[in-house]
1. Measure out, as a whole number of angstrom, how far apart the alpha-carbon centroids of region 465-526 and region 359-418 sit.
2. When you count, for each residue, the other Cβ atoms within 10 Å and take the mean per peptide, how do 37-50, 392-405 rank with the highest first?
3. Which order do peptides 324-330, 351-357, 500-506, 369-375 fall in by mean Cβ count within 10 Å, highest first?
4. Order the peptides 112-118, 483-489 from the highest to the lowest mean number of other Cβ atoms within 10 Å of their residues.
5. Cross-chain or 8 or more residues apart, Cα under 27 Å: how many lysine pairs in region 15-151 fit that? Count them up, please.
6. Which of the residue pairs Lys227/Lys305; Lys277/Lys305; Lys377/Lys449 have a Cα-Cα distance greater than 30 Å in the structure shown?
7. Sequence neighbours fewer than 8 away in the same chain don't count; with that in mind, list the lysines whose C-alpha is under 17 Å from Lys401.
Amino acid sequence: MLLLGVEGTGLVLWIIAAAVGGAIFSWLLIAQLTGGTISRARKEAERRLETAEREAESIRGKSELDAERFVRQQRETFDKEQAAAKADFKKAEKRLASRQDKLDSKLDRLSSKENKLDQRHESLLSKETAHEEAIVSLQKERDQIRARLAEVGSLTEEAAREQLLEEVRQYAEHDARELSQRILDEAETDARGKSREITLMAIQRYAAEHVADSTVRSVRIASDDLKGRVIGREGRNIRALERATGADILVDDTPGVISVSCFDPVRRAIAGEALAKLVEDGRVHPSRIEEVVASVRADMQERIKTYGSDAVMETSIRGLHPKIVEALGKMHFRTSYGQNVLRHSIEVAFLSQIIADQLGLDGDIGRRCGLLHDIGKAMDHEMEGTHPVIGAEFCRRHGEKTEAVLNAVAGHHGDIPATTPYTPIVMAADAISGARPGARRESMEMYVKRLEQLESLAREHETVTEAHAIQAGREVRVIVDAKKADDALAFDIASKIAKRVEEEMTFPGEIKVTVLREVRAEATAR
C-alpha cells in the first residue's frame, strides 16, 4: 500500500512534470510558430504598405497631371473667351467712337448754325437799331426843316444868303478835310517806303557808337580830411577856388567826393580838373589855386581848339571861321540828355550827307548843315534865346553865308519855315541820332513830367475823352467822342495835337499821335 502510494505519487509527479514539460514545449512551439507568423504578417504589411504608397504616388501623379490638364484646358478656354470679349469690346469702342464723331460733327454743325443765327440776330438788331436811329434822325431833320421853313419865311434875302453861304462853307470844310487827308495818306504811302529805305541806309552806313555822358562833375578824394584843406581856414580856399573858376564847389557829407556845379560846361571842366590837381598835389592855398587854375585854363583853351579842329578834319569841312571852330570845341563839354553834343553834331553831319546823296542833293552842304546845326548850344548859357536862333546869328556874324546852312541851323526844330530841303534832312538826321538806343537819357522826374504834359496837351481838345502815353512816351493814344467827331475831324485832331506837342514840348526823337474813333452799339436781351 505504502509502495503503491509512493509509486502513485511519483506517477502523479511524473504526469505533472510531463504535463508541465508538455505545456512548456507547447508554449515554446506556439511562441515560435506565432513569432514567425507575426514576422511574416509584418513583412506582408510592409509590402502591402509599399504597394499602397506606390499606388497612392501613382494615383497622386495621375491626379496632378489630370489637374494640370484641366487647368490648362480651363485657361485656354478662358483666354479664348477673354480674346473674344476684347474683340467685342474693341468693336463696341469703335462703334462708340464713330457715334462720338458723328455727334461731334452734328454738334459742330449745330454750333455753326447757332453762330450764324446769332450773327443774323445781331445783324437784325443792328439794322433795327440803325432803322430806329434813322427814323429818329429823319424826324429830327423833318422838325429842323419845318423850323427852317418857318425861319426862312421870316428871313430877309440877305440873311437867307448868309445862312446858305455858312452851310456851304461847313460842307466845303468837311469835304476839304477829307480831300486833304486823302492826299496826305496817298503822299505818305508813296513816301514812306522811300524814306524808310533812305533812313535805314543812312543808319547802316554810319553805325556810330554812343554812350550817354554824365552831367555831374565829381572829384574823388583819398580821404575826407582833404575836405577841410579844400575849404581852408574860414573858407578862404574854397572861396578863392570858386572866384578863380566861376563854379560852385559843393562839399557835403558824401564820403570821398567833392562835386562841382556850373552852368558853363567849360568852366565846370576847368574847376573839376583844377580841384583834382590841387587834391593830388596836397598844397591848397589861394596863390596855389590861382596858379593851378590859370594853368588848367590855358591847357583847356588849347584842348578846345584841338577838339574843334579834330571835328572839322573828321568831317572834311573847309572855310570855317576860327571862332566857329572854337565853338565846336566847346561843344565837347556840353551834353544834351546825357549825349555829347559835339559827337552828336558829327554824327548828324554824316547822316545828313548820306541822306542828301540818296536824294540827289549836295552831300557836302548836308554835312556842313549837320555839323553846325547845334552850334548855338556852345553859348546859349551866355545869352538869351533858343540855341537855333543863337547859332544862326553866330554863324552869320562869323562869315557863314550859305542860305541852306543858316536855315538848317535856325529851323532844325521847326522854329522857322524851311526854305531849302537841307533843313528837313537835318531834322531827320537829328531825330535818328537822338533816337539811338543808349544815346540819350533823362531823369525819372523829367520823364514822368513829359508823359503828364503829353497826356494833358492831348486832353485839352474838346472832343477828346481819353489820352494815354505809351511806348515810353514815344506815342500817345487819343480817344475821341464818336458822336462829336467824324473820321475827317479825327485826322485833323491828330495833326493839331502833333503840332501843339512840337511847339510846347521838348523831347528826344519823335512822338507819334494816334487818334481812335470808336462807335459801340449795345442792346440788352431780357
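Taken together, the values in this text are just the output of simple stated rules run on the coordinates, not laboratory data. Because the structure is predicted, anything quoted here is derived from the model rather than measured. In this analysis, Cβ positions are derived from the backbone assuming ideal geometry, glycine residues included, and neighbour counts consider all displayed protein chains.
1. 34 Å
2. 392-405, 37-50
3. Put in order of decreasing packing, that is 369-375, 351-357, 324-330, 500-506.
4. The most tightly packed comes first, giving 483-489, 112-118.
5. Pairs that pass both the separation and distance tests number 18.
6. Long pairs (Cα-Cα over 30 Å): Lys227/Lys305.
7. Reachable lysines: Lys323.
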